[in-house]
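Step one of this worksheet: look at the structure below.
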Amino acid sequence: MTFSLSAIFHCKPVASWVRSHHAQLALRPARCFVPPFVKILRVSQPLMRKINMPLLSKTRDKTALIVGVMLCNVVQAQTLTIGTGVVNQGDESVEIPVSFDATGTPVGSYSLSFTFERPPAAPSGLVSFVTGKASCGGPATIDATATALNVGAFDPKLGPLPTALACTFAIPLDSTASVGSYPFEVTFSEFGDLTGLGTVQGTIVAGGIVIQPRPNDIPPALAYNPTTASTVVLESGAGSIEATPFGGMGSGAAATTAINGCAIGGVSGPGTFGSVAGVNLTFVGNTTSPQSINLSCTLGDAVTTGTLTCNETAGSGPPLVRSWSLTCPSSSLGVPPNLTYVPSFGSNVSFIGTPGTQIISTISVIGISGTGSGGSATARVSDCQVSPALSPPVFACQPSGGNVLDFTPGGADPGDITCSCEAPSTGQLTANLTCEETRPLGTTPVVRQWSLTCPGTPGSCGTLVFSPNPGLIQFTGGTASIGISHTGGTMGNDTTFNGCGITGANASNFQISNAPINFSFTGGSTGSGQIDLACTNSTTAPVQATLSCSQVCDVNNTPRTWTLECPAGGTPPPTAEVVPVPSSSDFSRILLAAMLVLIGMAAVTIRGRS
């Protein structure tokens, strides 16, 4: 195991001790520190003496001074390169190599820490790595949300480290990350000299992750059955190799994968193989339709073998040679019948009958042709299994008379595959059936598969009633609520109510007090829920926003919306002062008239005297 002994001499712990116990040394803290992935080693006294380092006992002052001096011994060293990974947008991961170039002054150790961004890395996912000539790890390899990685190497014999690949990190990517460059950030680096007592200066080249647009034209990849490099037995003198395309897109030559240039060589035996020179299969863009390389042979009195080779060319790339071993059976050996299934494997088996009862359905198996007798002339159907295993059991499938059907040339029909299901009263149940087909006996069986569907009466969704109904909700005292009740429906048809959010220019004035909203109501039963709302408004006018939620049952998604209104909460502007004018009663008006009469009479009297 390799590691960084230089971690023992990193300055921060020593400088801290010196400052607290021997301030007169005035040792300034350096920028180095113990990386989190490097543990302080317990160094034996012989090793300490070998590297000429005093023991950390009564000589702490001397040790601190030695560390301080060796950190100032700087010379030119080699290069650590963090590679750049270039991937297409939507790729699942990127590999980042970290390499060490020994060109320059020899070093005995190095330590490196760097960080990456999320995105483009997946929001959650561990970084894996393949160790080269260094110790690799870091928080991001044990914490799915961390972003720091570390590399360190040390030669325990105090020899120079050679040029080598330190390690390779595999960083999971966010498939939605934007196109662009995302550089790594180096947070720590150090190179140690051959004595293990000093450091030397080196060069760090930090790469990054580059997300480039995915090409518009991608030729499809091909999956073969039987797989390449396997053996194809031309039973009864015939056989085929199926090629299924996947992962392509676009059109034209750049998006085309072709199979051609086929030939059969290395033939050994009395039989002969038919020509394959005319094979020319093309797969364009996003097609997923399989095509076959058809093979034939003339049986001899002994087994005949050969090798089939074909060229597979994807787009403008170089041709890749695909090969298979071919076997043409001896005419003196038996040839098992070919088996036909109705309905064919890969299709659905439907059970038709009365809901709430047991319904029977049959898969017919027919043996065609074949020659000879014995195991080499037998085709077998066996080991039929239903998955998933439901409790209590709903589906049961078994070949007639047991768990094995053996077909021989000219032999009696051994039977079919009989299935049953306990039909539900409402809704439907599904499962998968697999059976093994072995032709001839002693060879590797091929798995045949069907999907099973056991239907009942179609179910119905329940009803949700809202109080208040979708529309305008006016808040009182800064709060409001929406009551939800569920009734009706059938079992298996559950209703969910969730995805609630508030939108609009004034959305910040409102909140869902009991968010997140996620109600689930079981079909055929009653249930209820409530959405609690709150609002604030310091303006002098009401404000509005929109509350939207989703009601989902079966394949139906019904949006529900309300308009929320929070009343004005500010102080209104001042108005002009109004002075009230008191009104007069009848008595007041009589008294006022009398006073006016008396005043008039007084005025007349005074004038008369004058």
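Let me check I've understood the local charge: for A379, count other residues with C-beta under 11 angstrom from its C-beta, Lys and Arg +1, Asp and Glu -1. What total comes out?
Values: positive: R380, R439; negative: E235, D406, E437.
In short, -1.
Between A602 and T479, what is the label-point separation in nm under the 7 Å Cα-to-beta-carbon projection?
Going from the T479 label point to the A602 one covers 6.9 nm.
Please give the residues of segment 529-544, grouped as numeric ranges, whose backbone N is less than 13 Å from a label point set 7 Å along the Cα-to-Cβ vector of A515.
Once the point is set 7 Å along Cα→Cβ of A515, 532-535 turn out to lie under 13 Å by backbone N, inside segment 529-544.
With a/c under 1.5 counting as rounded, go ahead and sort segment 508-555 into rounded, prolate or oblate using the C-alpha gyration tensor (a ≥ b ≥ c being the square roots of the eigenvalues; past the cut-off, prolate if a/b is larger than b/c, else oblate). Could the numbers behind the result be given before it?
On the way: a/c = 3.76, a/b = 2.66, b/c = 1.42.
Prolate shape, in that a/c is at least 1.5 and a/b is the bigger ratio.
Can you give the extra length, in nm with one decimal, that the chain gains between D101 and A263 once fully stretched, where that is 0.36 nm per residue apart less the Cα-Cα distance?
Details: separation 162, 0.36 × 162 = 58.32 nm, distance 4.75 nm.
Full-extension gain reported as 53.6 nm.
At 1.4 Å probe size, put C461, C167 in order of accessible surface, largest to smallest.
C461, C167
Computed FRET efficiency, Cβ-Cβ of L126 and T487, R0 51 Å: what is it to the nearest 0.05? Let's see the in-between values first.
Values: r = 47 Å, r/R0 = 0.93.
Efficiency, from the Cβ-Cβ distance: 0.60.
With a point put 7 Å past each Cα toward its Cβ, work out how far V321 is from L390 in nm, to one decimal.
Result for the modelled spin labels: 5.3 nm.
What nm value, rounded to one decimal, do you get for the distance between E117 and T163 when each label is placed 7 Å out toward the C-beta?
Using points 7 Å along Cα→Cβ, the separation is 3.3 nm.
What is the calculated FRET efficiency for T187 to S350, with r their C-beta to C-beta distance and R₀ = 56 Å, to the nearest 0.05? Please list the in-between numbers first.
Details: r = 62 Å, r/R0 = 1.11.
Calculated transfer efficiency: 0.35.
So if each residue of separation counts as 0.36 nm, and I subtract the Cα-Cα distance between A302 and N469, what length gain in nm does that give? If you can, show how the numbers build up before the last one.
Working: separation 167, 0.36 × 167 = 60.12 nm, distance 8.37 nm.
Gain in length upon complete extension: 51.7 nm.
Report the residues of segment 290-332 in range of a label on T272: point 7 Å along Cα→C-beta, backbone N strictly under 14 Å from it.
Within reach of a label on T272: 296-301.
Would any residue of segment 161-182 have its amide N under 14 Å from a label point 7 Å out along Cα→Cβ of Q89? List them or say none.
Residues 174-181 qualify, since their backbone N sits under 14 Å from the label point.
By how many nm would the segment from S240 to V210 grow when fully extended, if each residue of separation counts as 0.36 nm and the alpha-carbon distance is taken off?
On the way: separation 30, 0.36 × 30 = 10.80 nm, distance 4.31 nm.
Net length gain for the segment: 6.5 nm.
The values are calculated or read from the model by the stated rules, or taken from the named source; none is laboratory data. The model shown is predicted, which means the values in this text are computed figures rather than measured ones. Neighbour counts are summed over all protein chains in view; Cβ atoms, including those assigned to glycine, are modelled from backbone coordinates with ideal geometry. Side chains included, ligands, DNA and RNA excluded: accessible areas come from the protein's heavy atoms. Shrake-Rupley method; radii C 1.70, N 1.55, O 1.52, S 1.80 Å.
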